[in-house]
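J.: The structure that follows is given in the form of structure tokens.
Where a number appears in this text, it was derived from the coordinates with a stated rule and is not lab data. Since this is a predicted model, take the numbers as computed values, not measurements. Positions of Cβ are generated from backbone atoms using ideal geometry, with glycine treated the same way; all protein chains shown enter the neighbour counts.
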Amino acid sequence: MSFLYLFRFCCDPGHNADHETASMRAFAEAARVDDVVVFCGVQEINTGHTTPEEQQVYLKLLANVKKNLPRGVSLSVNPWHTLMHLDAGKTLREGQDFRLMTDPDGRQSDLCVCPACGSWREYIRALYALYASVEPFIIWVEDDFRFHNHDPLRWGGCFCDWHMETYSRMAGKALTRDEFLKGVLRPGKTHPYRKIWLDCCRVVLQESAAVIGDAVRGVSPGSRVGLMSSLPQVHAAEGRDWRALLTVLAGGLPPVCRVHLPSYSEDTGGKYMIRFNLISMLNRAFLPPNTEVYPELENFPFTRFTKSRKFTRFQLLSALPMDLAGITIDLFDLNGSGIVWEEGYQDTLRNTKDVLTALTDSGIFKWEKEGVCVLADPCSSYTLQTRQGISMEELYPHDAFFGGLLGAYGVPFYYETDPERAGRVAAIGGQYLRNLSAAEIEALFSGRFIILNGDAAEVLVDMGLGRLAGIAACEWVPQNNGEAAYEQVEDAVCQGWSGARASAMILCSDVLRVTYCGEADVKKITGFYNSFRERTADGQAIVGARLLIFPFGRFASPTEIPPMLLNNVRQSIFQRVLGEVCASLPMADGPYVSAYCYSQGGQTALYLINASSDDIEAVTLKTDAASVKGIRAYSSAAGRWEDIPFERRQDGLRLLCPLPMWETAMLVMEC
Ligand SMILES: [Zn+2]
């Protein structure tokens, strides 16, 4: 099997272990599970950092589950705690003299530990060595292995006395928590404390990862050590070096990562795919290419009240562009109530597996990626400038913006972290450009089409390089200040009429008012108007036939797209501009049809995901239709490859086959 189901399994020793072990065996067979990941000390039945006696109980459980696995199914281990997720009213046990994590206000956790603590490292070394003795396929490191999100701490840690001494030593002066944090978050030009914070976080977690990795390999050299993780934007604020961290854990074996899938409970498919593109796809781009990725399919707080079987299938199918080895599956309560057959998830898993395997086996997700190249850097937190300097959230990079937007617009895109490998159309958001020198930016802007949002254009001007985009000056127009009520198309017929409008109020964003250099060749596409129909600013514009300004920016969240930017007028403008730049790029019509494009040996493939809540009778693609000779497709609904009929139209293709809601199709086009 080339697509693995890793089923995360909870049972409570002494409560229901015998019953649930039998149930697990039957479920694994019914759902076609490849690997059973046994929780140790999970959530409701977690007693804190487990004692040696408790660990022996779990060791026995692991051995017993292993003995009862169906033939061909492997065992993995999921200790549910490293640093500990949250206090939840618990404290350290007798003999656990761990240093506790401390937040920026000096508040100390009762249970979550400082990852630099020597006695905790000794404890975690012994725990992983013990559980590794069952020789698991993968032993996981939970996503509490992080500095942020340790309730009840404010943001997280660590600002314990040891850490404050370390920061002080690195800074060359004695620092208070307040003074240090003010430096880390200082608005404008970054303060040296920023680098101290990020470097120190990075090194401390890598050291602890080495302890865990070495402990496992000392006992079971063939076991993989997998990393569970959270949002890449948030990990950026703790300086995470994904490659280094995974390499330390892997110790020569393939790196393994459980990337977060951003929906514990059911949402609309469209909203989910925006977050999937902004979070999961971005995270994938930050990992070494040979990483075995098993993303996080989780239903929380469990049962079909939270997530339907249909949405579960949609998450399985739509995760494939991450180029997966399989998926982790966490569907049932973690309190010991066990597997709930009545939910029917076993049927969903069983019925979807052939589709996942066929699409993965096609090898297409490993082909060369095509489309708009969205540049992003896992280290943007080192260079980005804060606006207010009061919260850690200001360190979350917004580089990935265009990935979320273009996924919703039906425009193929992919992330790239190396500016020298940028494609011929590169989209830049957030403060990504601050990672580059002036010479690197000049090289990036030369010989390719560049798309900038308002944030990126402002950064360019701030760096004294506005001339590269023909910009003399710029200023922000805050949302709802009255100046930008709507955007009007000025250069062409759009959506069937001239003067098409799209709102710029309420659920939109601030817009950047740009003053272009006198000599710049600017083709204005839209303008912003106030409620009195007076033109107040240029809107979208193409500069010198090689750069598009998309003037929206200063977004509230790096993992959402403002709803007002999602409409047919703006999608249509974007697709028109891109069609002129690269005519052969296939782009899907309509809302929320995500398209991922690949090429190899003269073939072009397009993975289409209908994330909207409407069935599509016939998908319309904008592309250079004349060059397409035939299309072979694998439809997830039909579960087979077949030649599909299509009509050529003036500006594209109409595929004469349906794409139902939350289903997908892989097209391979013969050109
Ligand atoms: Zn600490």
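J.: Rounded to the nearest 0.05, what FRET efficiency is calculated for Asp105 and Lys189 with R0 set to 25 Å and r the Cβ-Cβ distance?
T.: 0.45
J.: Cα gyration tensor of the chain, axes a ≥ b ≥ c as square roots of the eigenvalues: rounded (a/c below 1.5), prolate (a/b > b/c) or oblate?
T.: The shape class here is oblate.
J.: From the square roots a ≥ b ≥ c of the eigenvalues of the alpha-carbon gyration tensor of the stretch 368-581, which class results: rounded (a/c under 1.5), prolate (a/b over b/c), or oblate?
T.: rounded
J.: Can you give the Kirkwood hydrodynamic radius of the stretch 421-461 from its Cα pairs, in Å with one decimal?
T.: Final number for the Kirkwood radius of the stretch 421-461 is 10.3 Å.
J.: Listed highest first by mean packing, meaning other Cβ atoms within 10 Å per residue, what order do 326-339, 163-176 come in?
T.: Sorting 326-339, 163-176 by mean packing, highest first, produces 326-339, 163-176.
J.: Under a point spin-label approximation (7 Å from Cα along Cα-to-Cβ), what is the Ser133-Glu440 distance to one decimal in nm?
T.: 4.9
J.: Report the extension gain between Arg421 and Asn149 in nm, rounded to one decimal, defined as 0.36 nm multiplied by the number of residues separating them, less their alpha carbon distance.
T.: 94.5 nm
J.: Let me ask another. Add -39500 (n - 2.57) for each DSSP H run of 4 or more in the chain, then divide by its residues: what number comes out at 222 nm, to the nearest 500 deg cm²/dmol?
T.: Result for the chain, helices only: -8500 deg cm²/dmol.
J.: Using a 7 Å offset from the Cα along the Cα-to-Cβ direction at both His15 and Ala174, what is the distance between the two label points in nm, to one decimal?
T.: It works out to 5.0 nm between the two label points.
J.: Out of all DSSP beta bridges in the chain, what portion is antiparallel? Express it as a percent rounded to 5.
T.: In the chain, approximately 60 percent of DSSP beta bridges are antiparallel ones.
J.: Let me ask something else. First measure r as the distance between the Cβ atoms of Arg640 and Ser613, then evaluate 1/(1 + (r/R0)^6) with R0 = 22 Å and state the FRET efficiency to the nearest 0.05. Numbers along the way, then the final one.
T.: Working: r = 25 Å, r/R0 = 1.15.
With a Förster radius of 22 Å, E is 0.30.
J.: Rounded, prolate or oblate for the stretch 286-396? Axes are the square roots of the Cα gyration tensor eigenvalues, ordered a ≥ b ≥ c, and the cut-off for rounded is a/c under 1.5.
T.: In terms of gyration-tensor shape, oblate.
J.: Let me ask something else about it. Going Cα to Cα from Lys353, which lysines come in below 26 Å? Please leave out same-chain ones fewer than 8 positions away.
T.: Lys353 reaches Lys66, Lys67, Lys271, Lys307, Lys310, Lys366, Lys369.
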